Structures are given as structure tokens and as C-alpha cells.
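Down below is the structure, laid out as C-alpha cells.
The values are calculated or read from the model by the stated rules, or taken from the named source; none is laboratory data. Everything numeric in this text was worked out from a predicted model, so none of it was measured. Glycine gets a Cβ as well: all are built from the backbone with ideal geometry, and neighbour counts include every protein chain shown.
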């Protein structure tokens, strides 16, 4: 099973990923969790470059760096884990690229981003994508004062990102949308009911 979590910073992805991991492990599943970009050493080093506020990065370069980090993560961690029968959970995946670099940055046309996403993901789509839906107003209340390079992009950028996520949620059947303003326990229950009905019923 391949599960991804999406949403802007502050939506509570990390909290829900950990709760889901614990729940799945109690069911006897072997679970690996990674962040995208991240995982292998190469991907982690690319992540440091991408989030460093001291760097000015061209939008196309940014797109390609995210994709390169993702390809390494897929090749070294995700694909082998899925082959071994593990549950793989990712904090972000190619939908983030579509939302951030596509709708937000408008780095290249969306179709080109879809094509690049297919290459970087080794043509593997998630079985389920949990979209933690949150308004920018609510997200800003939760964000840390110290911001990385992506978080410094500005309100207009993030509004476009949210619009992108909302459009993806409408188009993609694998998306399961939850209201991230709800209490943590309620959000977890909704996510678990979704997974339980799809994979354990």
C-alpha cells in the first residue's frame, strides 16, 4: 500500500502520518515513512538546497531539483519497500510539485509537469492521497516564525497552491479530503475509516 499526505505547511500532516503509522503497525503492517524531498542522502542534500533561504533558485531549476530528489527516493526506498510488501507513507509527493511548481510558480505548463512527475515517480502513483485541506489564514496561525525558502514565497503564491490542491482533489479519485481544522482525533478517525473501508474490510 502506497499512501501520500498532501497540504500546505501547518495542515498537520506530520501528526496524522505518525498516528496512522502507529495504527497500521498495530494491525501488523510493516510501515516505512519518508518525506519528499528526503530519504536517501542525495535527496536529503537536495532538500537542504531547496529550502535554504540564502539561495535564489530559478523556478525551472527548482522543479527539476524536486523531481531529482523524488526519483532517488523512489529508486532507493519506495519501490524496494513496496516490492517487499511494506506500507509506504510519504509526507508529500508529486502532487506537491503540481500544486507548488505548477499552480504556484507556473514554472512550466501543467502538462509538462505531469510528464515530469511520471518520470520522477518511476510511473508509480499512490494508492491513496490524504489531502489535509486548510485555508491560508488558518495555516499562518500554525506556521513557525522561522521560515524556509518555500515558506517565504508570499500569500499570493500560497493561495494559488491551495487552489491547485483543490482542483487536484476534485479531479483525482485517489484523493481523500479532510478538514484539517477539525480536532486531531477526529481527523485521524476519518482517515482510518477511509483506509479501513478500502483495504481492511
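Okay, residues lined up against (1) in a loop (DSSP other than H, G, I, E, B); (2) touching a strand residue (DSSP E or B) at 6+ places or on another chain (Cβ under 9 Å):
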| site | (1), (2) |
| --- | --- |
| 108 | yes, no |
| 112 | no, no |
| 118 | no, no |
| 124 | yes, yes |
| 129 | no, yes |
| 132 | no, yes |
| 138 | no, no |
| 141 | no, no |
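For region 1-11, what are the residues that are under 19 Å from residue 180 (Cα atoms) and surrounded by fewer than 21 Cβ atoms within 10 Å (Cβ to Cβ)? 9, 10 - these are the residues of region 1-11 that are under 19 Å from residue 180 (Cα atoms) and surrounded by fewer than 21 Cβ atoms within 10 Å (Cβ to Cβ).
Among residues of region 143-185 being assigned to a loop (DSSP other than H, G, I, E, B) and modelled with pLDDT of 90 or more, the one that is surrounded by the most Cβ atoms within 10 Å (Cβ to Cβ) is 180. Wholly within region 1-93, which helices (runs of 4 or more DSSP H) include no fewer than the required count, namely at least 3 residues that are within 14 Å of the chain's Cα centre (by Cα) and touching a residue at least 60 places away in the same chain (Cβ under 8 Å)? Of the helices (runs of 4 or more DSSP H) lying wholly inside region 1-93, those with at least 3 residues that are within 14 Å of the chain's Cα centre (by Cα) and touching a residue at least 60 places away in the same chain (Cβ under 8 Å) span 13-26.
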